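The values are calculated or read from the model by the stated rules, or taken from the named source; none is laboratory data. This structure is a prediction, so every number in the text was calculated from the model and none was measured. All Cβ positions, glycine included, derive from the backbone under ideal geometry; neighbour counts span all protein chains shown. The accessibility values were calculated without ligands, DNA or RNA, using every heavy atom of the protein model including side chains. Shrake-Rupley method; radii C 1.70, N 1.55, O 1.52, S 1.80 Å.
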Amino acid sequence: MPTVMLVAGTRPNFMKIKPVLDALEKRAAHVVLVHAGQHYDHAMSEVFFADLGLRAPDRHLGTGSGTVVQQTARIMTAFEPVLADIAPDAVVVVGDVTATLACALVTAHSGITLAHVEAGLRSRDWDMPEEINRVVVDRVSDLLFAPSPDAVDNLHGEGYHPHQIRLVGNVMVDTLLANLSRARESNVLARNGLKAGEFGLVTLHRPSNVDDPVALGTLMTALGEVARLLPLVMTVHPRTAKRLDASGIPTGLQLLPPAGYLDFLSLQAEARMVLTDSGGVQEETTVLGVPCLTLRESTERPITIAQGTNTLVGRDPQRIIGAATRILHTPPPRRCPALWDGRAAERIADILLDHLAAPVRNRPTDLPASGLDGTGHPANRAVARQRR
Ligand code: UD1
Ligand code: UDP
């Protein structure tokens, strides 16, 4: 059976790789799990291995924090000898973080088959490091596992071969559905004096929201207003913890450390609404049917708006307060995208192993000359430059 290397580096990656690892091992593939070490605190890494029953990584790159460029360089340098040593038949990367990009680039240089899980998502916001990662990782991948039809459309628009693009559904939803009943047993609400349906849950970690003190202050003001209507609890990401000023925390906003997966799922499931800038949380609230306000100007997950419970509200306090007030009166209807059914990883494993049994190389040189000029790539760069 083939050897497949799975790469994870940050909090959301662990939820994405777990079902893929299980599905591959169920089919007797030899899986080598690599932790790139981009996230390393217990609350950002180990807790997820415990909560998800994920076995310890076979290799840990231990690369740690730095600028995006430093992290990319360190992870690439650390990953290259590991890849050469294991020489897998395929590498699977997930999501859009720095570790995803770094390991994808090394794999592309090695000539080993590369599969990207969560391919095709686009925010069209070039100020987000993740948007650069999404586009580049897709470009160097052989297999593009898309979570939703909008992602498929983006990939077709950029000129990828139809046989590279596979609509498989959402692996994060696989993990959610597999763990929801265990999460409901968590006592996280009681531990923090919360009552089901009587609080709002907040997460913030996008650089555009938390690195700029003015932007963060504006958001805190808006959250303070929402907290007059509904008490809020926020699990604080380490990036945000470094920037929050105790004097700027509004009354009614309770701060907690980053939560483990089961506790956080319980908090989401029991919240009256969620206010977030997370990508994964937009998806999870959609599946849980919990109203979500996304505190960003764009989303790479528009399906959570078209078919889920998500509303894009940006950072303007009046918009945020108005949307929160509307949700308290009339929650949005519950709808769930097709194939977000708990079986995405099974589809991925079947397709990947079939592909390895009869490989067709889909390297980017195969792209038609007209490829990659769609979806406003240069135009978006110009827009981003004008905004700066
Ligand atoms: C990263 C991803 C982002 C993802 C998020 C998930 C990139 C470019 N960004 O953002 O897409 O949504 O992870 O949570 O890959 N830190 C700690 N302990 C840790 C990890 C980080 O203290 O275990 C602190 C460090 O000060 C670090 C900062 O958080 O400099 C930011 O970490 P980093 O991994 O660079 O980016 P995130 O904001 O976590
Ligand atoms: N999450 C968690 N604890 C928290 C906040 C988030 O377990 O305190 C989970 C959440 O349920 C989802 C994932 O982390 O599965 C989302 O990660 P994050 O928001 O850090 O990254 P993004 O999805 O924005 O890349």
**Fill in**
Mean separation of Cα contacts under 8 Å (at least 6 apart) over the residue count of the chain, i.e. the relative contact order in percent, is 18
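For a quick protection proxy, order the peptides 326-335, 15-24 by their average other-Cβ count within 10 Å, most packed first.
Working: 326-335: 13.5, 15-24: 25.1.
Sorting 326-335, 15-24 by mean packing, highest first, produces 15-24, 326-335.
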**Asked** So what's the back-of-envelope 222 nm ellipticity for the chain, counting only DSSP H runs of four-plus at -39500 (n - 2.57) apiece and dividing by all residues, rounded to 500?
**Response** -14000 deg cm²/dmol
**Message:** How tilted is helix 68-86 with respect to the longest principal axis of the chain? Cα atoms for both, answer in degrees (0 to 90, nearest 10).
**Reply:** 40
**Prompt:** How many percent of Cα pairs in the stretch 1-57 exceed 17 Å?
**Reply:** 30
**Prompt:** What angle, in degrees between 0 and 90 and rounded to the nearest 10, separates the Cα long axis of helix 171-183 from the longest principal axis of the Cα atoms of the chain?
**Reply:** 50
**Request:** Starting with the highest mean, order 285-292, 227-234 by the number of other Cβ atoms within 10 Å, averaged over the residues of each peptide.
**Result:** 285-292, 227-234
**Asked** Applying the Karplus parametrisation 6.51 cos²θ - 1.76 cosθ + 1.60 with θ = phi - 60° to the phi angles of the stretch 316-328, what ³J(HN,Hα) value in whole Hz is obtained for each residue in order, glycine and proline being reported as x?
**Response** 5, x, 5, 5, 5, 5, x, 5, 5, 5, 4, 4, 5
**Request:** Find the relative contact order for the stretch 230-292 and round it to a whole percent, using C-alpha pairs within less than 8 Å whose residues are 6+ positions apart.
**Result:** 29
**Request:** Starting with the highest mean, order 113-123, 339-349, 213-223 by the number of other Cβ atoms within 10 Å, averaged over the residues of each peptide.
**Result:** 113-123, 339-349, 213-223
**Item:** Percent accessible area from carbon and sulfur atoms, the chain, protein chains only, probe 1.4 Å
**Value:** 55
**Asked** Each residue of the stretch 288-293 in turn: what ³J(HN,Hα) in whole Hz from Karplus with 6.51, -1.76, 1.60 and θ = phi - 60°, glycine and Pro shown as x?
**Response** 6, x, 9, x, 10, 10
**Prompt:** For L61, which sequence-distant residues (separation of 5 or more, or a different chain) have an amide H within less than 5 Å of its own amide H, given hydrogens modelled in the peptide plane?
**Reply:** H35, A36, G37
**Prompt:** Which of the aspartates and glutamates could be linked to K26 by a straight reach, that is with a Cα gap under 17 Å, when you skip same-chain ones fewer than 8 residues away?
**Reply:** D174, E346, D350, D354
**Message:** Considering the Cα positions of the stretch 1-153, please state its Rg to one decimal place and its Dmax as a whole number of Å.
**Reply:** 14.3, 42
**Request:** At q = 0.13 Å⁻¹, work out log10 I(q)/I(0) for the chain with the Debye formula, treating every Cα as an identical point scatterer and leaving solvent out; two decimals please.
**Result:** -1.08
**Request:** Provide the per residue accessible area, probe 1.4 Å, for the chain, rounded to a whole number of square angstrom.
**Result:** 39
**Complete:** Listed by chain and number, the residues whose amide H is under 5 Å from that of V202, excluding neighbours fewer than 5 places away on the same chain and using placed H, are V233, M234, T235, L275
**Prompt:** Among D211, D245, D153, which one moves the most in a GNM of the chain with springs linking Cα atoms closer than 10 Å?
**Reply:** D245
**Request:** Would you list, by chain and number, the lysines whose Cα falls below 30 Å from the Cα of K242, excluding same-chain residues fewer than 8 positions away?
**Result:** K16, K18, K195
**Fill in**
Phi-derived 3J(HN,Hα) across the stretch 6-12 with the Karplus relation (6.51, -1.76, 1.60, θ = phi - 60°), rounded Hz, x for Gly and Pro, is 10, 10, 9, x, 9, 2, x
**Asked** Near the amide H of G342, under 5 Å away, which other amide H atoms are found, from residues 5 or more places off or on another chain, if H is placed in the peptide plane?
**Response** N170, D174
